[in-house]
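S.K.: The structure that follows is given in the form of structure tokens.
The values are calculated or read from the model by the stated rules, or taken from the named source; none is laboratory data. Every value quoted in this text rests on a predicted model; they were computed, and no experiment measured them. No Cβ is skipped: glycine too gets one built from the backbone with ideal geometry, and neighbour counts run over all protein chains shown. Accessible surface areas use protein heavy atoms only, side chains included; no ligands, DNA or RNA. Shrake-Rupley method; radii C 1.70, N 1.55, O 1.52, S 1.80 Å.
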Amino acid sequence: MILNRNRSVNLVTLKVNVPSIMNLKITNRFTPELPADTDLSNATRQVYEACFSYVTPRTPSQPKLLHVSSAVAELLGISSDAIESEQFLTTFSGKEVLPNTQPFAMCYGGHQFGHWAGQLGDGRAINLTEVEHNQQMHMLQLKGAGKTPYSRNADGLAVLRSSIREHLCSEAMFYLGVPTTRSLSLMTTGDAVMRDMLYDGHPDYEKGAVVCRVAPSFIRFGSFELFSARNDGKNIKLLTDFTIKHYFPEIKGETKESYLAFFKSVAANTRKMIVQWQRVGFVHGVMNTDNMSIHGITIDYGPYGWLEDYNLNWTPNTTDNQHKRYAYGNQPDIALWNLYQLANALFPLIEEAAPLEAILNNFAELYESDYMDMMMQKLGIQQHSRENTILITELEKVLQLSETDMTIFFRELAFVKKEFSTGGAISTINNAFYKPQEISKTILKAWEIWFKRYLDRLQKEIISDEKRKESMDAVNPKYVLRNYMAQLAIDTANADDFSLIDELYTVLQHPYSEQQQHEKWYAKRPDWAREKVGCSMLSCSS
């Protein structure tokens, strides 16, 4: 059956289109304007000359709503009454399909750990529909709602463990001020899912779950790469023109200049996102090109983590433990590497390497400038000086001499006053050290030298200590979603206690506030979590 890409398709499905009480304004653009897979079966296969395949979410046996982000619901125009409705449950668990919608899975490829992996696609994600509210467009996507043509040898499902991590982290990142996808809801399906958590040959059944993710779109670098790898110039142009038209409307025309402007915007947004990752100590863990959004937002939360001790070489991903490609300190370089792959994919539209190379070459210079500005803010320094570069470089070195908690160090640093001695300053941040007894001899001397330089620098600042602390507290979070915190929520949820999910969600909505009632979450990683699975060791199934 040959489908007209501008014509809708009536799917044969057992799902029921029920009248909506959520009053969502359905405004689909992706499926009517881009080419669809002509095969309507849900068999795993290679899909050519298509941006997506129509699919139907799997029917869960006994869905149960565990948590909702009321802020995301409001973003979509969903009322509190609608959240409590049966339709909310059935829609965002995948049990029923919204009227006038046709769910679909996206087709894309990608480089995984530096190697071209070919077709990948939405293996366990199904896009429900696009909605409009307050002149903003949002794509709604279920993660863990069943098999798609891109599931390869997998089942397309998700477990409660990984779904809790995604739901909490999406919202935590938003409130930290980091560009990100959002999460509307977290539900269990009532079905058991087999998973080998650490890929060590010991699979076990876990509770199944579904998360509803929200983003402007889920278009990735790999969406363009797959067409390029297949020499499908027609569809590279279709997808690029569509993306510019709807998501970069300030760019006009379908010319080489407009395609360059598009790439420049993607590079800029990606750079800004990475700076924010580094600011809060976030490590994505699996920066494959299929996990890079063209919007410059964080996407696909799997084996992520926050730095506990300031270790540039740390990665939370067990798969990456040997080579540490995606370690914290490598994230800016990997972002640039990924942009090179996107540039290669867009080259057929531009046919000139020089302007693309100019944008790429400028990335590192602009990043360095943005990074220095960000670090100055973290240190409470407003006046630019050549001394700042030395100050920041030396700090990065001394932080690694002994395990030093990144989050606590920067938060406590705001208490240092201009008139402090070096000893007084070191005492102020003492709580950040995992092994305070190590801060002696050469390590202590290094800290004394750095604080002498820092205090001298503060003396040159016009701003008062009080104002400086206020500005530092606005960029140095007190609360981040440490892996041990997420694991505690997972452990209690597996025992059918979901209260900790809501407690952490509440805390993480105000990461820069003192929140004395939640002070227990302002703490270094406990010793029991140092080597615990889910706290230090995570896999892509996480």
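S.K.: Hey, if we sort Trp450, Trp528, Trp337 by accessible area with the 1.4 Å probe, largest down, what's the order? Could the numbers behind the result be given before it?
M.R.: Values: Trp450 5, Trp528 125, Trp337 80 Å².
Accessible-area ranking of Trp450, Trp528, Trp337, largest first: Trp528, Trp337, Trp450.
S.K.: Using +1 at the C-beta of Lys and Arg and -1 at the C-beta of Asp and Glu, which of Ser539, Ala345, Ile439 has the Cα lying farthest in the positive direction of the dipole of the chain?
M.R.: Ala345
S.K.: What is the extension gain from Thr27 to Lys445, computed as 0.36 nm multiplied by their sequence separation minus the C-alpha to C-alpha distance, in nm to one decimal? If you can, show how the numbers build up before the last one.
M.R.: On the way: separation 418, 0.36 × 418 = 150.48 nm, distance 6.23 nm.
Net length gain for the segment: 144.3 nm.
S.K.: Can you give the accessible area of Glu466, probe radius 1.4 Å, in Å² rounded to 10?
M.R.: Ignoring ligands and nucleic acids, Glu466 comes out at about 120 Å².
S.K.: Please calculate how many Å² of accessible area segment 8-154 carries per residue, with a 1.4 Å probe and no DNA, RNA or ligand atoms counted. Present the calculation step by step, with values, prior to reporting the outcome.
M.R.: Working: 6360 Å² over 147 residues.
Result: 43 Å² of accessible area for each residue.
S.K.: Next question. Eigenvalues of the Cα gyration tensor times 5, then square-rooted: what semi-axes does that give for segment 56-195, in whole angstrom, largest first? Working shown, then result.
M.R.: Details: eigenvalues 114, 71, 51 Å².
Taking √(5λ) for each eigenvalue gives 24, 19, 16 Å, largest first.
S.K.: Hey, any idea what Rg/Rh is for the chain, computing Rh the Kirkwood way over Cα pairs? Kindly include the intermediate steps, with their values, before the conclusion.
M.R.: Working: Rg = 24.0 Å, Rh = 24.5 Å.
Rg/Rh: 0.98.
S.K.: Still on this model: Once you sort the root eigenvalues of the Cα gyration tensor of segment 272-348 as a ≥ b ≥ c, which label holds: rounded (a/c under 1.5), prolate (a/b larger than b/c) or oblate (the other case)?
M.R.: Numbers: a/c = 1.99, a/b = 1.65, b/c = 1.21.
Prolate, since a/c reaches 1.5 and a/b exceeds b/c.
S.K.: About the Cα centre of segment 398-437, how large is the charge dipole given +1 on each Lys and Arg Cβ and -1 on each Asp and Glu Cβ? Please answer in debye to the nearest 20.
M.R.: Working: 4 positive and 4 negative charges, 19 e Å.
Dipole of segment 398-437, to the nearest 20 debye: 100 debye.
S.K.: Mind grabbing the base-10 log of I(q)/I(0) for segment 126-199 at q = 0.15, 0.19, 0.21, 0.24 Å⁻¹? Debye formula, identical points on the C-alpha positions, no solvent, two decimal places.
M.R.: -0.65, -0.97, -1.10, -1.24
S.K.: Find which of Thr59, Gln46, Ile78 sits farthest along the positive direction of the dipole of segment 27-116, computed with +1 on the beta-carbon of Lys and Arg, -1 on that of Asp and Glu, about the Cα centre.
M.R.: Farthest along the dipole direction, towards plus: Gln46.
S.K.: Kindly rank 314-326, 271-283, 216-228 from highest to lowest mean number of other beta carbons found within 10 Å of each residue.
M.R.: 216-228, 271-283, 314-326
S.K.: Sort Tyr48, Tyr340 from largest to smallest accessible area, using a 1.4 Å probe on the heavy atoms of the protein chains.
M.R.: Tyr48, Tyr340
S.K.: May I pose another question? Select from Gln135, Asn361, Ala335 the residue farthest towards the positive end of the dipole of the chain; place +1 on Cβ of Lys and Arg, -1 on Cβ of Asp and Glu, and compute about the Cα centre.
M.R.: Checking the options against the dipole of the chain, the answer is Asn361.
S.K.: Continuing with this model, one more query. Amide H to amide H under 5 Å from Gln112: which residues, 5+ apart in sequence or cross-chain, H placed 1.01 Å off N in plane?
M.R.: Ala117
S.K.: Further, regarding this structure: What does the charge dipole of the chain about its Cα centre add up to, to the nearest 20 debye, if the Cβ of each Lys and Arg holds +1 and the Cβ of each Asp and Glu holds -1?
M.R.: It works out to roughly 320 debye.
S.K.: For segment 179-277, which whole percent of the accessible surface, found with a 1.4 angstrom probe, sits on carbon and sulfur atoms? Present the calculation step by step, with values, prior to reporting the outcome.
M.R.: Numbers: 2020 of 3660 Å².
Within segment 179-277, the accessible surface is 55 percent carbon and sulfur.
S.K.: Sorted by mean Cβ packing within 10 Å, highest first, what order do the peptides 433-443, 487-497 take? The partial results should precede the final answer.
M.R.: Numbers: 433-443: 12.4, 487-497: 16.4.
Per-residue Cβ counts within 10 Å, averaged per peptide and sorted highest first, yield 487-497, 433-443.
S.K.: Still on this structure: Taking the Cα centre of segment 15-149 as origin and charging only Cβ (+1 Lys, Arg; -1 Asp, Glu), how large is the dipole, in debye to the nearest 20? Write out the running numbers ahead of the final one.
M.R.: Working: 10 positive and 12 negative charges, 86 e Å.
Using Cβ point charges on Lys, Arg, Asp and Glu, segment 15-149 gives about 420 debye.
S.K.: Roughly speaking, what is the stretch gain from Gln516 to Asn134, that is 0.36 nm per residue apart minus the C-alpha to C-alpha distance, in nm to one decimal? Show your work: numbers first, answer last.
M.R.: Values: separation 382, 0.36 × 382 = 137.52 nm, distance 3.55 nm.
Gain on stretching Gln516 to Asn134: 134.0 nm.
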